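In what follows, a single structure is set out as structure tokens and then discussed.
The values are calculated or read from the model by the stated rules, or taken from the named source; none is laboratory data. No experiment lies behind these values; they were computed from the predicted model shown. Counting neighbours? That spans all protein chains shown, and the Cβs are built from the backbone with ideal geometry, glycine included. For the accessible areas, the whole protein counts, side chains as well, though only heavy atoms, and no ligand, DNA or RNA atoms are used. Shrake-Rupley method; radii C 1.70, N 1.55, O 1.52, S 1.80 Å.
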Amino acid sequence: EQEDIYYAVSKLPKKYRAVIHLFYFEELSIKEISEYLKVKESTIKSQLHRGRDMLKEILKGSYEIEF
């Protein structure tokens, strides 16, 4: 199951993959990600939202995931 999630994350475009990885796997806050990537917090929030939506589509049918 975890391998499927890693695979799905690897299929995301780079900017979404980066924020998803930093938020969920490295457990950084939105503020920390914003500072690290030198991007506005609102941009990070938008990218997380879009990245989650993309992950749901990739994993659709395989799992019932709630973000």
**Request:** Assess whether VAL9 counts as being at pLDDT below 95 and within 8 Å of the chain's Cα centre (by Cα).
**Result:** yes
**Asked** Among the residues of the stretch 20-46, how many are over 16 Å from ILE58 (Cβ atoms), part of a helix (DSSP H, G or I) and modelled with pLDDT of 95 or more?
**Response** 16
**Request:** Being open to solvent by 70 Å² or more (accessible area, probe 1.4 Å) and touching a Ser or Thr at 6+ places or on another chain (Cβ under 8 Å) is the filter; apply it to the stretch 5-43 and report the residue that is nearest to LEU55 (Cα to Cα).
**Result:** ARG17
**Request:** Looking at (1) open to solvent by 70 Å² or more (accessible area, probe 1.4 Å); (2) free of Cβ contacts under 8 Å to residues at least 24 places away in the same chain; (3) closer than 15 Å to ALA8 by Cα, find the lone condition where ARG50 falls short.
**Result:** (2)
